[in-house]
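The values are calculated or read from the model by the stated rules, or taken from the named source; none is laboratory data. The structure displayed is predicted, hence computed values, not measured ones. For neighbour counting, all protein chains shown are included, and Cβ atoms are generated from backbone atoms with ideal geometry for every residue, glycine included. Ligands, DNA and RNA are stripped out before the accessible areas are found, and what is left, the full protein with its side chains, is counted by its heavy atoms. Shrake-Rupley method; radii C 1.70, N 1.55, O 1.52, S 1.80 Å.
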Amino acid sequence: EWPRDSKVSRRPNIIPPRCSTFTQSEIDLDHPFIHPSSSSPGREQILTSSDLRFFLLAMRATLHQHSLKCIPFLNQTPSTVGYATSCNAALFTDFTCEDTEEDSYQLPRELFLSRTLVKLNLRSEHCVDWWWPGGIWSDSLALGVLKSLSIDSDLIFCGEVEEFIPSFTALEELRMGSMEWRESDVTVSSATLRTMSLHGTGCEEFVNPTSVSFDTPNLRVLSYYDLVAEDYPLVNMKKLCDATINLILTDKQVKRLREPNNEFWEEEEDEVEDEGNVLVNFLMNGIQNVQKLSFTADTLEVLSQCCDTMPVFNNLKFLGITSEEGRGWQAMPALLKNCPRLETIILEGLLHYVTDKCGDACPCISREGKGRSLRACPVNRLEIQGFRATMKEMTMIKHFLDYFPGLKRLDVVIEDNEPTQLRNPELSKCVKEMFSLYSRLYPSCSVELMVSSFLQKKWRAQGHI
């Protein structure tokens, strides 16, 4: 019951019904300044900043720990969240702030000085600037117990990453996207990180970094998206178990990688220096202990530079590959040969750019020693996603059935997004008959043509099934 002599007693309607007992462990203020109007049922009215202060004061006396989720609105000032963090400094363990306004939202100084905050999530459609006016870096050792930090924005400003990440002495989980490197030579260093997701955009104006190093000896899970660097001189990730790598290339860089000795590139050397020289073998050596590994089409193209020095992935059991028609499979043979304990492959798309270096991993070019790298691969389950029922895809599926010796299960998932030729009833019938034939010709392997529930509902609504 509200104390009669308190200012809060004159504003009982500001407390959301689900929080009126003050026993909630989480305060979700998705719309912190909107609540039903008592004078006009069915309508909503805007709360003031002082209303929220009364609410938080009342909560402070009864909650032992809580999380706060806040979406700033036009009438909200930075002091509101600042007050929330300061008056409840002993209580906050989890703070989420989402900025949906056109103007940038300035986070309060008190947030960065919290000594109880364990989890911090910042979302903005525009920009997250870690540095509040007046500078926070001078207040070192702040956020000393922070274990999880997630910053999601179109642009992130956090100073030099060499200083920013190590400043969180207890940090175990980090997610940052999208960020740009301030320097061309970068080192990501942390002795405490277990999970890290970095989605970068290279240096200023989308320039490729010169070198990127990782000194994260206790990292277990990595998701790394960035413009490809020229070199990865240090990769200390001996405990890494799960990695997703996307090294982004432009079409021009792809051409330089495929034709490094072309005279045309030599003429442009002054204009585009060293774009064709990528030393990625150190990165591969640094992640070779992983059990689960996923590459994008761009990354697979980059790996063509280290086919002869590809490390052996002795612990790898799961391999995911995304394919695109403009990117090649030159590295696929070497990759399959160097995974002696591989159990599962998921291919998101089969169509790729055909070169004479695709080797025997695909039947695109007739050659001697066909299927040699597939025979050396012990995989027992293969899943193909994004199937469009082209003849080229059907030929590749038969190639896999012919040459993967231990294959026990092959799942082919039809592409959810159009176009797909399976809407044609005659072609659809022909494809189904081919898969039935595969099941008879390869009795040791379960071959399934699969449709997602989403696509099944869509086709049923359109009268295709």
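Structural remarks
- Inside the stretch 278-311, residues that are farther than 16 Å from Val235 by Cβ and open to solvent by less than 60 Å² (accessible area, probe 1.4 Å) make up a count of 8.
- Hits in the stretch 235-251 (condition: at pLDDT 95 or above and assigned to a loop (DSSP other than H, G, I, E, B)): Met237, Lys239, Leu240, Cys241
- Candidates are the residues of the stretch 307-347 that are small (Gly, Ala, Ser) and part of a loop (DSSP other than H, G, I, E, B); the one that is farthest from Arg388 (Cα to Cα) is Ala331.
- Some residue of the stretch 191-204 being touching a strand residue (DSSP E or B) at 6+ places or on another chain (Cβ under 6 Å), at pLDDT below 95, open to solvent by less than 10 Å² (accessible area, probe 1.4 Å) and on the phi > 0 side of the Ramachandran plot: yes
- Test: residue in the stretch 360-375 that is surrounded by fewer than 18 Cβ atoms within 10 Å (Cβ to Cβ), among the hydroxyl-bearing types (Ser, Thr, Tyr) and out of contact with any Cys (no Cβ under 7 Å at 6 or more places or on another chain): yes
- Residue in the stretch 318-329 that is polar (S, T, N, Q), open to solvent by 10 Å² or more (accessible area, probe 1.4 Å) and within 30 Å of Cys430 (Cβ to Cβ) present: yes
- The set of residues in the stretch 140-184 being at pLDDT 85 or above, of a type in the set (A, V, I, L, M, F, W, C) and under 19 Å from Asp94 (Cβ atoms) consists of Val145, Leu146, Leu149, Ile151, Phe168, Ala170, Leu171, Leu174, Met176.
- Contacts under 9 angstrom Cβ, first residue in the stretch 144-166 being without any contact (Cβ under 8 Å) to a residue 24 or more places away in the chain, partner open to solvent by 10 Å² or more (accessible area, probe 1.4 Å) and among the acidic types (Asp, Glu), 6 or more apart: Glu160/Glu183
- Count of the stretch 403-444 residues which are open to solvent by less than 40 Å² (accessible area, probe 1.4 Å) and closer than 21 Å to Arg388 by Cβ: 12
- Residue-level analysis places Leu350 outside the set of residues that are touching a Lys or Arg at 6+ places or on another chain (Cβ under 9 Å), of a type outside the set (Asp, Glu), within 24 Å of Val221 (Cα to Cα) and assigned to a loop (DSSP other than H, G, I, E, B).
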